[in-house]
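Undergrad: Okay, handing you the structure first.
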Amino acid sequence: QVQLVESGGGWVQAGGSLRLSCAASGPTFIMSIVGWFRRAPGKDREFVAAISWSGHTTSYRNSTKDRFSISRSDNKNTVYLQMNSLKPDDTAVYYCALKLGGPDPDPSKYDYWGQGTQVTVSS
C-alpha cells in the first residue's frame, strides 16, 4: 500500500520561506512521478510542481516557478518543495501525489494522495 505523508507546513510572513517534505513508502513508489498540488479556501485544487523518478525532469506552475523548487532525495523516497518569497496568495493546503508515467499538471491523473499540510502566509 502506497502511503504519502507531508510535513513542513506552517505560518510564515510574506517574503519568508518554507520547505515541505513528502515521505513516500510502498512498492509502487519505484519509477513514480511525484507532484505537489494546493487548494486554497473556495478554490479548486491546482498544480504546483512535479518531478520525475530520476529527478532530472521537473515542471512548475507559471506563478511559482521562479520562487519554488522541487527536488528528490538520493534514495528517491522523499520529495521536497522549497518555497521562497512566499505571498499571501500561496496560502493553501499543500498535497503531494504520486503517479506512474510522466509529470502531469492534471490532478485526476494521480493515483495516491497524502493528507495535506497547511501553509499560511500573512501579509
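Undergrad: Which percent, nearest 5, of DSSP beta bridges in the chain are antiparallel?
TA: If I count the DSSP bridges inside the chain, around 90 percent turn out antiparallel.
Undergrad: Determine the distance separating the Cα centre of region 78-100 from the Cα centre of region 1-48; give it in Å without decimals.
TA: 5 Å
Undergrad: How much solvent-accessible surface does D66 expose, in Å² to the nearest 10, with a 1.4 Å probe and all protein chains in place?
TA: So the heavy atoms of D66 present about 140 Å² to solvent.
Undergrad: Which order do peptides 111-123, 77-89 fall in by mean Cβ count within 10 Å, highest first?
TA: The most tightly packed comes first, giving 77-89, 111-123.
Undergrad: Which shape class, rounded, prolate or oblate, goes with the chain when its Cα gyration tensor gives a ≥ b ≥ c as root eigenvalues, a/c under 1.5 marks rounded, and past that a/b bigger than b/c marks prolate?
TA: Verdict is prolate for the chain.
Undergrad: While we're here: V5: accessible area at probe 1.4 Å, nearest 10 Å²?
TA: Number for this one is 90 Å².
Undergrad: So, for the chain, what is the accessible surface per residue at a probe of 1.4 Å, expressed in square angstrom?
TA: Per residue, the chain has an accessible area of 51 Å².
Undergrad: Moving on to the next point. For region 6-53, just say rounded, prolate or oblate: build the C-alpha gyration tensor, square-root its eigenvalues into a ≥ b ≥ c, call rounded for a/c under 1.5, and beyond that prolate if a/b exceeds b/c, oblate if not.
TA: prolate
Undergrad: On the accessible surface of the chain, probed at 1.4 Å, how many percent belong to carbon and sulfur atoms?
TA: 47 percent
Undergrad: Okay, moving on. In sequence order, what are the phi-derived ³J(HN,Hα) couplings for region 91-104 according to the Karplus relation 6.51 cos²θ - 1.76 cosθ + 1.60 with θ = phi - 60°, rounded to whole Hz, with x for glycine and proline?
TA: Ordered by residue, 3J(HN,Hα) equals 4, 4, 8, 9, 10, 9, 9, 10, 8, 9, x, x, x, 8 Hz.
The values are calculated or read from the model by the stated rules, or taken from the named source; none is laboratory data. A quick note: this is a predicted structure, and the numbers were derived from the prediction, not measured. Here the Cβ is made from the backbone with ideal geometry for all residues, glycine too, and neighbour counts use every protein chain on show. Keep in mind that these areas ignore ligands, DNA and RNA; they rest on the heavy atoms of the full protein, side chains included. Shrake-Rupley method; radii C 1.70, N 1.55, O 1.52, S 1.80 Å.
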